[in-house]
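The values are calculated or read from the model by the stated rules, or taken from the named source; none is laboratory data. Please read all numbers here as calculations on a predicted model, not as lab measurements. Please note: Cβ atoms are built from the backbone with ideal geometry, for glycine as well, and neighbour counts cover all protein chains shown. For accessibility, only protein heavy atoms count, side chains too; no ligands or nucleic acids. Shrake-Rupley method; radii C 1.70, N 1.55, O 1.52, S 1.80 Å.
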Amino acid sequence: MYDAIIIGAGPAGCTAAKTLSENGYKVLLVEKFKLPRYKSCSGQLIKKSLDLVREYFGEDVPDFTTCAPAENRGMIFTDDKGATFRFEQYGLNVWRSTFDNWLAEKAAKSGAEIRDNTSAISASESGGIVTVTLKVERIYTEQARYVIDCEGAVGAFKRKLLNITPQYILTFQTFSQGSIDLDHHYFYAFLQPELSEYDAWFNVKDDQLVLGVAVKDKSKIESYYARFISYMEKNYGLKIEKQLKIDKWIMPHIRPDYTINYGVGRVLFAGEIAGFLNPMGEGISAAMESGHHAAVSIINNFDNPDSICSDYKERTALLYDYMKRQWNLIARMTDTFNEMKV
Ligand SMILES: Cc1cc2nc3c(=O)[nH]c(=O)nc-3n(C[C@H](O)[C@H](O)[C@H](O)COP(=O)(O)OP(=O)(O)OC[C@H]3O[C@@H](n4cnc5c(N)ncnc54)[C@H](O)[C@@H]3O)c2cc1C
């Protein structure tokens, strides 16, 4: 019997596992894939993420998790009319597989038991105990007083639990050898509606040029991507010598009327699956912060389950306000996100 089973070893799950286990709680962290697992991501840790790592994990992000150029100097947005806005801020450029694996190791050092290659399939609650069905090669169950679901955007576990169909944005990015007349230390977002149905972006990881587009309709990926590549060739001298990798993923589609799902019964949601996601897909800081607060709410109300969700909601109120302010800022910058104005 565990005090908590955490589903998913991303930033939300690792932070929740670390917070609970370092406070003496018996924690099982399950991860669907073999660790270190791959996660499609630009891997930009903004200053807030770096500060949260220091606060929750007790040290700075280690050099071995970074890729070149290690320093990210901020973001440069091009709005729907072609005007650029610079946001200068120190950050880091990491490979998510290495960074997230380091977070998982830190959680393990604090006492969390980690089982990778293990999927959480379903859960049922009875008499104050949650029974979680897990699958490796066989199907078996484990029990806990609480579950924190940190499974990220895909959300099969939550979908089964709540019987809901979430809305997604599809992301498509390529990694290539080549050259471009842009400073590799920045993350570039392009909000012109002719280039994507959400945003298009460029950044560099270990000399690989990463070019991506986000769409609502899967069938439009190729045409938007082709338009984005010609735009980059024409405006920034992009030259692709060899395409190395293609990467497709999803992220929650944040709408003006979105709500955060805090939890149901003894199951809490944290990170992307709860709905925490900042504009341009910046979600690592929100994942760590919500994972931490979900864990603290369990610690503070362990024998008082009816108070946990409301406590968690209160603890994340500032995070939610921050997220709304960020969306509002983007909405004021560009008509593409006008609907997000609050
Ligand atoms: C293309 C792209 C670029 C991005 N760039 C950035 C960026 O530069 N900076 C930034 O801050 N954010 C970025 N994000 C967003 C960021 O990746 C997410 O917001 C963040 O990873 C969310 O963390 P999480 O812990 O909630 O989920 P995840 O990191 O997705 O972790 C969830 C984990 O749960 C596991 N899992 C899923 N289902 C189960 C199950 N049933 N049982 C067991 N395990 C399960 C998954 O395998 C995964 O390891 C980007 C996203 C995309 C798609």
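Provide Ile148, Ile46 ordered by accessible surface of protein heavy atoms (probe 1.4 Å), highest first.
I get Ile46, Ile148, largest accessible area first.
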Original post:
What does the accessible area per residue of segment 168-252 come to in Å², with a 1.4 Å probe and no ligands, DNA or RNA counted?
Top reply: 44 Å²
Original post:
Ordering Asp3, Asp79 by how much accessible area each has at a 1.4 Å probe, largest first, what is the list?
Top reply: Asp3, Asp79
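Mind listing which trypsin sites (Lys or Arg not before Pro) in segment 239-342 are in a DSSP loop and have 13 or fewer other Cβ atoms within 10 Å?
Those that pass, being in a loop and sparsely packed, are Lys341.
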Original post:
At a probe radius of 1.4 Å, what is the per-residue accessible area of Phe85, in Å² to the nearest 10?
Top reply: 70 Å²
**OP:** Kindly work out what percent of the DSSP beta bridges joining two residues of the chain are antiparallel, to the nearest 5.
**Re:** 75 percent
Subject >> 222 nm mean residue ellipticity, helices alone, for the chain (DSSP H n ≥ 4; -39,500 (n - 2.57); rounded to 500) >> reply: -9500 deg cm²/dmol
Original post:
Straight-line reach from Lys160: which aspartates and glutamates have Cα under 19 Å away, leaving out those fewer than 8 places along the same chain?
Top reply: Glu31, Glu125, Glu142, Asp149, Glu151, Glu272
Original post:
Around Glu272, with a cut-off of 14 angstrom between Cβ atoms, what is the net charge of the other residues, counting Lys and Arg +1 and Asp and Glu -1?
Top reply: -1
Original post:
Taking the radius of gyration and the Kirkwood hydrodynamic radius from Cα positions alone, what is the Rg/Rh ratio for segment 168-252, to two decimal places?
Top reply: 0.94
Subject >> Net charge, Lys239 excluded, C-beta distance under 14 Å - Lys, Arg +1, Asp, Glu -1 >> reply: -2
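Using the eigenvalues of the Cα gyration tensor, what equivalent ellipsoid semi-axes result for the chain when each is taken as the square root of five times the eigenvalue, whole Å, largest first?
Whole-Å semi-axes of the equivalent ellipsoid: 35, 21, 19.
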**OP:** On a C-alpha basis, how far is the centre of segment 231-276 from the centre of segment 152-188 in Å? Whole number, if you could?
**Re:** 3 Å
Original post:
Of the heavy-atom accessible surface of the chain (probe 1.4 angstrom), what whole percent is carbon and sulfur?
Top reply: 48 percent
Original post:
Ignoring ligands, DNA and RNA, what accessible area per residue does segment 34-110 give at 1.4 Å, in Å²?
Top reply: 46 Å²
Subject >> Within-12-Å neighbourhood charge of His292 [Cβ basis; K, R +1; D, E -1] >> reply: -1
